[in-house]
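A quick write-up on the structure given underneath.
The values are calculated or read from the model by the stated rules, or taken from the named source; none is laboratory data. Quantities reported herein were computed from a predicted structural model and do not represent experimental measurements. Counting neighbours? That spans all protein chains shown, and the Cβs are built from the backbone with ideal geometry, glycine included. Each accessible area value is taken on the protein alone, full model and side chains, heavy atoms only, with ligands, DNA and RNA left out. Shrake-Rupley method; radii C 1.70, N 1.55, O 1.52, S 1.80 Å.
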Amino acid sequence: MKSMYPKNGRVIFHVDCNAFYCSCEIARDPSLEGKAVVVAGDPKERRGIVLAANYIAKNDFGIYTTMPLWEAKKKCPHLVILKPDFDLYREMSTKVFNFLATFSPILEPASIDEGYLDITDCYSLGSPLEIAHQIQKGLLETLKIPVSIGIAPNKFLAKMASDMKKPLGITVLRKRDVPKVLWQLPVQSMHGIGEKTAEKLKGIGVFTIGELAKTEKGVLKDLLGIKGVYLQERANGIDHRPVDPEAVLKWKTIGNSTTLSHNVTEEHTLIEVLRRLSDSVSSRMKRKRVVSSTLQITIRYANFQTVTRSKTWLNPFQEQEEIFRYAVQLLKQHWNGDPVRLLGITALDVLDKKESTKQLDLFSFEEDAKDEPLLNAIEQLKRKFGEGIIQPVSELLHKEKSLKEKIRLRYDTKQKKKDGESM
Amino acid sequence: MKIVIERDALVQSVQDVMKAVSSRTTIPILTGIKIVATQQGVTLTGSDSDISIESFIPAEEEEKIIVDVVQPGSVVLQARFFSEIVKKLPQPTVEIEVQSQFLTFIRSGKAEFSLNGLDPEEYPRLPQIEEENVFKLPTDLLKNMIRQTVFAVSTSETRPILTGVNWRVENGELICTATDSHRLALRKAKIETESEQSYNVVIPGKSLNELSKILDDSNELVDIVITANQVLFKTKHLLFFSRLLDGNYPDTSRLIPTDSKTDVVVNTKEFLQVIDRASLLAREGRNNVVKLTTLQDGMIEISSISPEIGKVTEEIQSESIEGEELKISFSAKYMIDALKALDGTEIKISFTGAMRPFLLRPLHDDSMLQLILPVRTY
């Protein structure tokens, strides 16, 4: 069976659940099978929109995600409309990943309904195609969840492949197929290129993946920074990212550290460094839409002795001013006055802002209460157009800024680990 | 100084004054207990300079001799050793004799300890308090008022004034308020007083906790004297002094909502148990949040989700729900604290919106209230 596997390459699966929310609903209530089903903001709400549609609704009635519900109903009067039940979807998601994990431990959940699986060493289970069929059949039979699977030598191609045939597709995409299969596609269809990046690429006359593949690396680097280099590689079918089971856990901390150009003993200079670091930590937290309640500072002295000190606050933070204030507080409390050669700030145990909570304060709750009418309005928009339709301008702006920050400040995970150990 | 004293009376007194003795003090002599013997009896004093406690053991009480003062005098003994020694003495009577250089012998039965004492002249004097404006409260009521408020003080030093309980005396009424800015506890009571004097002071939460521990559950009156920077609680044989906190207590009266949009009446005990169950899964460190949702027909749903652990929902029948529908999240801990502090089998909870403070009160009693700030979810 080993002969079916590449001699010195990898075999990566991208497993993508088809119309996941609808599939979960149908799995729970088999009587829905064979019917056109959508999950929509709130069925009672007249202005609701379609959040997810199953393939019958899509193919037979032309209903698509974000379509206004009244229009969907017009197209299909007997349409089954369900309210989203995110708890159910999360539960199902866990079951899907547990099932996938029985094939290979190298499993990286990428979102609630898709994940990467590295089966390079799974030749004892069968050929890659056989394993893909086993997974597809298994998930359909045991959980009633249909999936499409992309098989490729890396994550990017696997992801592109799984998209090609839905539902219940299995698509193999080899590196040598890239020019023929991918190059004529517009750049937006590439995973990792959003509207903004596509716009920028258009500016330099790059419209298709093929054109991107043939563009000078330097040009792309100037245009998009380091991301441009990665995108060009991907367009050529190259992607070295490992399937990382820890990826989900990875951003449980977000930190930046910087080695100072000379050893510093002036407090005001250190505080200035903290200001810069807190700015970049805050940007990254905002970009990932996470918050944290625990801040840690790292101080490495001239003699390489390193201390890390942290403190947990009642409410989560994300704003630069808060991070800066907390970091300064920690510095003042723990710096022994010796010359410092490196400073770092890390937000520990970060969590999704949506999962976070804030204990309101008697003397400041009015500020949050002020948001109440706005939040109610946002809530309605989300119900109408789906999550992510609306987000604070500050978050969008920070996305811009953070790339520059990344280059200015070094973020070195290995460094940080060392610091932690020497505590 | 030489006395012969009932061991149990001595142990009790030592235990009381020990509440004020701290092993970490900047004034070394305060690690000791001051003992003063006069013909009237023996006075013990302990202090950490924030709290000072004086306990008096009368020479005789109810025609029973408790102390035989052979020779009046005084000494300061190391609290740590003295308190342990008296607890473990073999006989019901103890003889304490101070010789030269404050070397002190403690004898009971065939046991004899000698302790190096300190010069009582070096012990700081307790604050002198003019007992002009006294007001009185029964001991058990005072203890209740402390219990119902002190838990809500802040434990963080970011706003030191909030680590104390605000005591306001006006129009023959005492109003105790405590808040850590996330919840607030308030308790009112009529006081017995002949003066018209009004006060607005802040007593450290720690002082009130210690006071509560040494008061018994009788309904005997406690005399309370408030001065510019001290408060004195006086019972028959006990003086309890506490420093007051500096600074102005925030005006919380305007923060307590007067109107409401949703009023819920529940059985206190039942509701407490539901919250307690729901909080089993609420994540530690993440504010311990539970969610309350009003349903049809007077039902209330209490739920809590911890993605990694699981979730819980429970419905409870309320006595009544009036007003708008509501979904609100709050700390289970604050709710449990508040419910435990309130007397009354039924409580009324008044909400004014998911991001505004809500009130808990016993149904037919406006002498106490608890206020909780909700938790904002995203």
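Out of region B:355-378, which residues are part of a loop (DSSP other than H, G, I, E, B) and either open to solvent by 30 Å² or more (accessible area, probe 1.4 Å) or under 17 Å from B:PHE151 (Cβ atoms) (or both)?
B:ARG356, B:LEU363, B:HIS364, B:ASP365, B:ASP366, B:LEU373, B:TYR378
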Failed condition for A:LYS137, given (1) touching a helix residue (DSSP H, G or I) at 6+ places or on another chain (Cβ under 9 Å); (2) farther than 20 Å from A:ARG241 by Cα; (3) of a type in the set (D, E, K, R): (1)
Restricted to region A:272-319 and to residues being closer than 16 Å to A:THR357 by Cα and of a type in the set (Phe, Trp, Tyr), the residue nearest to the other protein chains (Cβ to nearest Cβ) is A:TRP313
Counted residues, region A:223-239 - those being over 18 Å from A:GLY194 (Cα atoms) and either modelled with pLDDT under 90 or surrounded by 17 or more Cβ atoms within 10 Å (Cβ to Cβ) (or both): 3
Lone unmet requirement of (1) surrounded by 21 or more Cβ atoms within 10 Å (Cβ to Cβ); (2) more than 30 Å from A:ASN8 (Cβ to Cβ) for A:SER162: (2)
State all residues of region B:320-339 that are more than 11 Å from chain A (Cβ to nearest Cβ), outside any strand (DSSP E or B) and more than 9 Å from B:THR262 (Cβ to Cβ); if no residue qualifies, say none. B:ALA332, B:MET335, B:ILE336, B:ASP337, B:ALA338, B:LEU339
Of the listed residues (A:LEU117, A:LEU88, A:LEU82, A:LEU51), the one being under 30 Å from B:ILE309 (Cα atoms), within 14 Å of chain B (Cβ to nearest Cβ) and among the aliphatic types (A, V, I, L, M) is A:LEU88
Among the strands (runs of 3 or more DSSP E) lying completely within region B:1-85, list those that include at least 2 residues that are buried (at least 21 other Cβ atoms within 10 Å of the Cβ) and in contact with a strand residue (DSSP E or B) (Cβ under 7 Å, 6 or more places away or on another chain). B:2-6, B:32-38, B:41-47, B:51-58, B:73-78
Does B:VAL289 satisfy the criteria of being within 13 Å of another protein chain (Cβ to nearest Cβ), at pLDDT below 95 and within 34 Å of the chain's Cα centre (by Cα)? yes
Quick check on region A:119-131. Is at least one of its residues in contact with a Gly (Cβ under 9 Å, 6 or more places away or on another chain), crowded, with 19+ Cβ neighbours inside 10 Å and in contact (Cβ under 8 Å) with a residue 60 or more places away in the chain? no
Could you run through region B:86-112 and say how many residues are surrounded by fewer than 16 Cβ atoms within 10 Å (Cβ to Cβ) and without any contact (Cβ under 8 Å) to a residue 40 or more places away in the chain? 11
Return the residues of region B:230-287 that are in a helix (DSSP H, G or I) and closer than 21 Å to B:LEU186 by Cα; say none if nothing qualifies. B:SER253, B:ARG254, B:LEU255, B:THR268, B:LYS269, B:PHE271, B:LEU272
For region A:173-204, which positions are open to solvent by 40 Å² or more (accessible area, probe 1.4 Å), without any contact (Cβ under 8 Å) to a residue 24 or more places away in the chain and not in a helix (DSSP H, G or I)? A:ARG174, A:PRO186, A:ILE204
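Does B:THR294 meet the test of being over 30 Å from A:THR312 (Cα atoms), within 14 Å of chain A (Cβ to nearest Cβ), surrounded by 14 or more Cβ atoms within 10 Å (Cβ to Cβ) and at pLDDT 90 or above?
So B:THR294 does not fit the description; no.
So that you can scan it fast, the table gives a plain yes or no per residue for (1) within 12 Å of chain A (Cβ to nearest Cβ); (2) of a type in the set (Gly, Ala, Ser); (3) buried (at least 20 other Cβ atoms within 10 Å of the Cβ); (4) under 21 Å from B:LEU360 (Cβ atoms):
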residue: B:ASN144; (1), (2), (3), (4): no, no, no, yes
residue: B:ARG147; (1), (2), (3), (4): no, no, no, yes
residue: B:VAL153; (1), (2), (3), (4): no, no, yes, yes
residue: B:ASN166; (1), (2), (3), (4): no, no, yes, yes
residue: B:GLU192; (1), (2), (3), (4): no, no, no, no
Being exposed (fewer than 15 other Cβ atoms within 10 Å of the Cβ), touching a strand residue (DSSP E or B) at 6+ places or on another chain (Cβ under 9 Å), at pLDDT 90 or above and away from chain B (no Cβ under 14 Å) is the requirement here; does A:THR269 meet it? yes
Only one of B:LYS206, B:LYS234, B:LYS213 that is within 17 Å of B:VAL134 (Cβ to Cβ) and either assigned by TED's automatic domain parsing to the domain that holds B:ARG147 or aromatic (Phe, Trp, Tyr) (or both): B:LYS234
Go through (1) more than 30 Å from B:GLU315 (Cα to Cα); (2) open to solvent by 40 Å² or more (accessible area, probe 1.4 Å); (3) within 14 Å of chain A (Cβ to nearest Cβ) one by one and return the number of the condition B:LYS261 breaks. (1)
For the subset of region B:340-354 comprising residues that are open to solvent by less than 20 Å² (accessible area, probe 1.4 Å) and more than 16 Å from B:LEU292 (Cα to Cα), which member is nearest to the other protein chains (Cβ to nearest Cβ)? B:ALA341
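Can you find, within region A:343-355, the residue that is farthest from A:THR259 (Cα to Cα) among those that are surrounded by fewer than 21 Cβ atoms within 10 Å (Cβ to Cβ) and hydrophobic (A, V, I, L, M, F, W, C)?
A:LEU351
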Criterion first (farther than 30 Å from B:VAL14 by Cα and away from chain A (no Cβ under 14 Å)) does B:ASN267 satisfy it? yes
Examine region B:248-255 for a residue that is surrounded by fewer than 19 Cβ atoms within 10 Å (Cβ to Cβ), away from chain A (no Cβ under 14 Å), in contact (Cβ under 8 Å) with a residue 12 or more places away in the chain and aliphatic (A, V, I, L, M), and state whether such a residue exists. no
Given (1) closer than 27 Å to B:GLN101 by Cβ; (2) of a type outside the set (Lys, Arg); (3) at pLDDT 95 or above, number of the condition B:ILE53 does not satisfy: (1)
Members of region A:54-97 found to be modelled with pLDDT of 90 or more, under 25 Å from the mean Cα position of the chain (by Cα) and not in a helix (DSSP H, G or I), listed by number: A:ASN54
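Just for region A:356-369: of the residues that are more than 7 Å from every other protein chain (Cβ to nearest Cβ) and open to solvent by 60 Å² or more (accessible area, probe 1.4 Å), which one is farthest from the chain's Cα centre (by Cα)?
In the first step, residues of region A:356-369 are kept if they are more than 7 Å from every other protein chain (Cβ to nearest Cβ); the result is A:364, A:366-367.
Checking which are open to solvent by 60 Å² or more (accessible area, probe 1.4 Å) leaves us with A:366-367.
Details: A:GLU366: 33, A:GLU367: 31 Å.
For region A:356-369, the residue satisfying everything is A:GLU366.
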With touching a helix residue (DSSP H, G or I) at 6+ places or on another chain (Cβ under 7 Å), in contact (Cβ under 8 Å) with a residue 60 or more places away in the chain and open to solvent by 30 Å² or more (accessible area, probe 1.4 Å) as the only criterion, which of A:TYR55, A:TYR89, A:TYR21 stands out? A:TYR21
